[in-house]
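Peer 1: I am attaching a structure below and will ask some questions about it afterwards.
Read the figures in this text as sums done on the coordinates, not as results from a lab. Because the structure is a prediction, the values reported are computed rather than measured. All Cβ positions, even for glycine, are placed from backbone atoms using ideal geometry, and neighbour counts span all protein chains on display.
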Amino acid sequence: MSLKYSHLLEPVKIGNHVFKNHMICSASEPLFIQGNEPYPSEQLILHYANIAKNGAALVTCCGAKDPHFRRAPKQRFGPVFDLDSTWSNYISHMADSIHFYNSKATMRLCIDDADGYDVSEGIPSFAIAGDGSQSTVGKETPLDMLEAYIDDLVEQALIFKEHGFDGVYLHMAYKITVLGRFLSPLTNIRTDKYGGSFENRIKYPLEVCSRIKEACGRDFLIEVSISGYDMEPGGWTLDDSIKFAKAAEGLIDLMDIRCANIDEQSATNFQEPTPYLYLAEAIKKSNPKVAIVTLGGYGNLDVMEDAIASGKTDFIAMARTWIANPEYGKLAYEGRNEDVVPCLRCNKCHKAGVNVPWTPVCSVNPLHGIAHRYKNMIDPPTKKKKVAILGGGPAGMEAALVCQSRGHDVTLFEKSGELGGQLTFAKYVSFKWTLLDFMNYLINQVGKAGIKVKLNTEATPEMISGGDYDAILAALGSVPVIPSIPGANLNHVISAFEVYGREDSLAEEIVVVGGGKVGVETGMHLAEKGHKVTVVEMLSELAGDAAPVHYRTVMERAWNSLEKFHAVTQARVTQITPEGVVYLDKEGAEQSLNAGNVILSVGSKPLNEKALEFTRCGAQLFLIGDCNNPGNVQKLMRNAFAMASQI
């Protein structure tokens, strides 16, 4: 059998290291998997080992900190290892588990700079939206302190080499870390030997790499991340990145080329599929003796094969793709791109929401976060059962696929003429392309599995009672909530669910009542279509239910770029009239907005009463997805998977 993705999967040699392919697991913290243990937990070790098993040639782990670092009281997640601890043998276990699958293991190192100090004085630090960090302004770090930082990084590198790691990773991107703030002229305004010219600004980061190589040996890998450019005028440029790659020869082995902003690096559905490949390509064309790594939005194997085959990059790094696809390497080696689960780029794996449980989740992989205990939670089926799935939305399709994989005889009933349920709206929206890909993936998987599908068939209790079914999974979905606002029943008032496919028939001026994620996305879509849209929201910010880390700020930039999108926050709609809406502003004053159409986006309610009509059909009944409890794709996929796994 010949490999379809022969360039992507061919082994590659760097120094004396042979990498089994060109796919890397980028430096990423699997948030909420690790607790406050000062050592790698068994769950964390398994997480990284499974990525190696899954096909990653290099797995970059996180958890290293200054030996004297102590976790801040409010920091409730993320691995932080005590390198002085007698628990350090667990660090060896992690490297050994990755090596078991013939993958390389590196550890991200961190400088915990002293409180009140920065590379230069008076330059605000970067605060990551959604994680609670605050921008600070510090004093210039003196030279003796910088020397101590190097000593500390060398000490950490030696510890990880002793414990079996093949190398270390140094974060220099986004002007966030100490090393990254040295590179950019926007954050390095020092006047000593480490400031001013390009050559001076790169000196300290390269001294760190040189000292680590001297201590750990030339074959000890050093991988770094840099931003290909700064967004702001007068900052680091792509030409600087090219020069830096040349200057790093012999000191840096792999160089990750990232974008200017950390939120946009975790590419979302508001960006193109692989937005930063051009940066890696430009640096790669300069022929540096450093392996160039591209990352941000990768997962499609055809795209990745082309990137390697055409010489645009040496390696492709991913984080979310490994989470979304527990068998990604198998799919790659078998040439099955159509079976790769598309990542929604929702970034709920960073944090699902503001007021949500502190657990790891993935919208398209229900097992993420529970894979280590799944076998103890679910019993294998004892006999083949006849199962009816009521509803062909994402929950229904997922339940059907799980039941079929467990050996059951499955029939899926869908009252409309197509599968997809509420996801079908994605066909109309430019920025919901990842959701459309996921819907089409599920439909394709249902077809490949040979599941019996009855379209244009609304199941009734009488129909199901006569089918001799052992189990019924009702995935009937939900319906919009109609608020008790005077005028909500007027003819020009519709729900957000009713917008798609009839945009051209709507009025020029539109008011959307409800500024959660759904309401904002509806408004953005209509603004793109040329309507003048105003979203009215009771809370102080829009889309407060969107993922707060690496997502909401990108979404906000997207809606701010739309000329015809407007919003009023801290406002309560009191009446809908034929001319528009009346609302109370944050001062309690009455205001009005003209609108030819008013769109309601204030939530949905489950069709559980309709589902309960199937209680006495002689089969065990499960309510799944929105029918059980309205939520997002992540919640309904986890629920559908869990319920179907019990049959």
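Peer 1: Above 14 Å lies some portion of the pair distances; for region 360-407, what is it as a whole percent of all C-alpha pairs? It would help to have the intermediate numbers written out before the result.
Peer 2: Details: 702 of 1128 pairs.
Value for region 360-407: 62 percent of Cα pairs lie more than 14 Å apart.
Peer 1: Stokes-Einstein at 4 °C, 1.567 mPa s, Kirkwood radius from Cα pairs: D for region 541-639 in µm² s⁻¹? Present the calculation step by step, with values, prior to reporting the outcome.
Peer 2: Details: Rh = 17.4 Å.
Translational D for this selection: 74 µm²/s.
Peer 1: In the structure displayed, which of LYS139/LYS193; LYS243/LYS284; LYS161/LYS330; LYS161/LYS193 lie more than 19 Å apart, Cα to Cα? Walk me through the numbers before you get to the answer.
Peer 2: Working: LYS139/LYS193 17 Å; LYS243/LYS284 12 Å; LYS161/LYS330 30 Å; LYS161/LYS193 31 Å.
Beyond 19 Å: LYS161/LYS330; LYS161/LYS193.
Peer 1: If R0 is 30 Å, what FRET efficiency do you get for GLU458 and SER405 from their C-beta distance, rounded to 0.05?
Peer 2: 0.70
Peer 1: Which value in nm describes the separation of the simple spin-label points at SER85 and ASP151, placed 7 Å from the Cα toward the beta carbon?
Peer 2: Output for this residue pair reads 2.5 nm.
Peer 1: Additional query: Which residue, chosen from ALA459, VAL119, TYR39, occupies the Cα position most advanced towards the positive end of the dipole of the chain, where the dipole is computed from +1 (Lys, Arg) and -1 (Asp, Glu) charges on Cβ about the Cα centre?
Peer 2: Of the candidates, ALA459 comes out farthest on the positive side.
Peer 1: Here's another thing I want to ask about it. Suppose R0 equals 22 Å; then what is the FRET efficiency for SER592 and LEU562 from their Cβ-Cβ distance, rounded to the nearest 0.05? Write down the numbers at each step before the final one.
Peer 2: Details: r = 23 Å, r/R0 = 1.04.
Rounded to the nearest 0.05, the efficiency is 0.45.
Peer 1: Would you calculate a helix-derived [θ] at 222 nm for the chain, using -39,500 (n - 2.57) for each DSSP H run of n ≥ 4 and dividing by the full residue count, to the nearest 500?
Peer 2: Details: 21 runs with 188 residues, N = 647.
So the calculated ellipticity at 222 nm is -8000 deg cm²/dmol.
Peer 1: While we're here: Which whole-number percent is the relative contact order of the chain (Cα, under 8 Å, 6+ apart)?
Peer 2: Details: 1404 pairs, mean separation 74.8, N = 647.
This gives 12 percent for the chain.
Peer 1: In the chain, which whole DSSP H runs stretch at least 20 Å along their own axis (Cα) and average -1.0 or higher on the Kyte-Doolittle scale? Spell out each step's value before the answer.
Peer 2: Working: long enough: 143-162 (29 Å, 0.35); 433-449 (24 Å, 0.32).
Helix filter hits for the chain: 143-162, 433-449.
Peer 1: From zero outward in steps of 5 Å, how is the percent of C-alpha pairs of region 437-523 spread across the bins?
Peer 2: Pairs per bin, as whole percents: 2, 8, 13, 16, 14, 12, 13, 11, 7, 2, 0.
Peer 1: In percent, how large is the relative contact order of region 452-592, given Cα pairs closer than 8 Å and 6 or more residues apart?
Peer 2: Working: 175 pairs, mean separation 28.5, N = 141.
Dividing the mean separation by the residue count of region 452-592 yields 20 percent.
Peer 1: For PRO233, what charge total do you get from the other residues with a beta carbon under 15 Å from its beta carbon, if Lys and Arg give +1 and Asp and Glu give -1?
Peer 2: Numbers: positive: LYS175; negative: ASP230, GLU232, ASP239, ASP240.
Net of charged neighbours comes to -3.
Peer 1: How many times 2.2 N^0.38 Å is the alpha carbon radius of gyration of the chain?
Peer 2: Working: Rg = 26.7 Å, N = 647, 2.2 N^0.38 = 25.7 Å.
Scaled against compact globular proteins, the figure is 1.04.
Peer 1: Let me ask you something else. Under 18 Å Cα to Cα from LYS610, which aspartates and glutamates show up? Leave out anything in the same chain fewer than 8 places away.
Peer 2: Hits, sequence-local ones excluded: GLU414, GLU458, GLU462, ASP626.
Peer 1: Pop the C-beta distance of TYR333 and ASP585 into the FRET formula with R0 = 35 Å and round what comes out to the nearest 0.05.
Peer 2: On the way: r = 60 Å, r/R0 = 1.70.
Here the calculated transfer efficiency is 0.05.
Peer 1: Moving on. Net charge around SER484, counting only other residues with Cβ within less than 15 Å of its Cβ (Lys, Arg = +1; Asp, Glu = -1)? Let's see the in-between values first.
Peer 2: Details: positive: ARG572, LYS605; negative: none.
Spelling it out: positives minus negatives among the neighbours equals +2.
Peer 1: For the chain, what is the charge dipole size about the Cα centre, in debye to the nearest 20, if Lys and Arg each add +1 at the Cβ and Asp and Glu each add -1 at the Cβ? All intermediate terms of the calculation are to be shown ahead of the outcome.
Peer 2: Values: 62 positive and 76 negative charges, 316 e Å.
Around 1520 debye, computed over the chain.
Peer 1: If you don't mind, another one. Please report, in whole Å, how far the alpha carbons of region 320-371 spread along each principal axis, starting with the longest.
Peer 2: Extents along the principal axes, in whole Å: 41, 21, 12.
Peer 1: Still on this model: Give me the percent of Cα-Cα pairs in region 513-568 that sit more than 15 Å apart, rounded to a whole number.
Peer 2: Tail of the P(r) past 15 Å holds 40 percent of the pairs.
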